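The values are calculated or read from the model by the stated rules, or taken from the named source; none is laboratory data. The model shown is predicted, which means the values in this text are computed figures rather than measured ones. Glycine also receives a Cβ, built like all others from the backbone with ideal geometry; neighbour counts cover every protein chain displayed. Surface accessibility is based on the protein's heavy atoms, side chains included, excluding ligands, DNA and RNA. Shrake-Rupley method; radii C 1.70, N 1.55, O 1.52, S 1.80 Å.
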Amino acid sequence: YGYRSGTVAVPLAIGLAKAVEIYGRNRKIENRKLTILINQLLEGIKDFIPDVIVNSSIDCLPHTLNITIPEVDAETLLLAIGDEVACSTGSACSSSTLEPSHVLKAIGLNAEKASSTIRLSVGRFNTDEEIQFAVEKIVSAAIRLKQVNGKPSVKAAHLKKQTNETFKLFYEKN
């Protein structure tokens, strides 16, 4: 392969061993926190977009969430969200292709639903406020796109910031 053997990077190996040790001690607590954050993210989105489809397994990694927002193109959603919330339309290993993920196809999503799918992740340093911010950005962008597409599932919505930096969506009945 063009590489020759060399000296092992001992400090890096020791650092990795220490990281694994720390993770082993805190794994249950960390996983519980990540699960709570992911559930807050999901429930926040579902509160305003009830037709969202959860593609993640119940036994999935506690820090990831894969959802389909019907009738919203995921690439357009990412553009609408901008760089304020980190999310993607697929795994890193499938980022170089425009084809729907083979995993999404394998779980039964057709091309239309696969193209409406985003992947979200949280980390140990995320806060409740950041989750609320992400919900606000994702929901408001998705609703705007549904309105532009003329989809009847959401007629209209207004985003109103509260003084405590939380938000509520108010639906106008047409």
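Using a simple spin-label model with pseudo-atoms 7 Å out from Cα toward Cβ, Leu12 and Asn110 lie 4.8 nm apart. Charge tally around Ala114: other residues with Cβ under 14 Å, Lys/Arg +1 each, Asp/Glu -1 each, net -2. For segment 1-143, the solvent-accessible area with a 1.4 angstrom probe is 64 square angstrom per residue.
Given the pairs Lys28/Lys146; Lys18/Lys46; Lys46/Lys105; Lys18/Lys105, which are separated by over 31 angstrom at their Cα positions?
Pairs exceeding 31 Å: Lys28/Lys146; Lys18/Lys46; Lys18/Lys105.
Principal axis extents of the Cα atoms in segment 1-85, from largest to smallest and rounded to whole angstrom, are 55, 37, 24.
The distance between label points at Ile29 and Phe125 comes to 1.8 nm (points 7 Å beyond Cα on the Cα→Cβ vector).
Accessible surface ranking for Lys137, Lys46, 1.4 angstrom probe, highest first: Lys46, Lys137.
A crude spin-label estimate for the pair Thr76 and Gln132, with each label 7 Å from Cα along the Cβ direction, gives 3.1 nm. Given a 1.4 Å probe and the protein chains as shown, Lys146 ends up with an accessible area of around 0 Å². Rounded to the nearest 10 square angstrom, Ile36 shows an accessible area of 90 square angstrom against a 1.4 Å probe.
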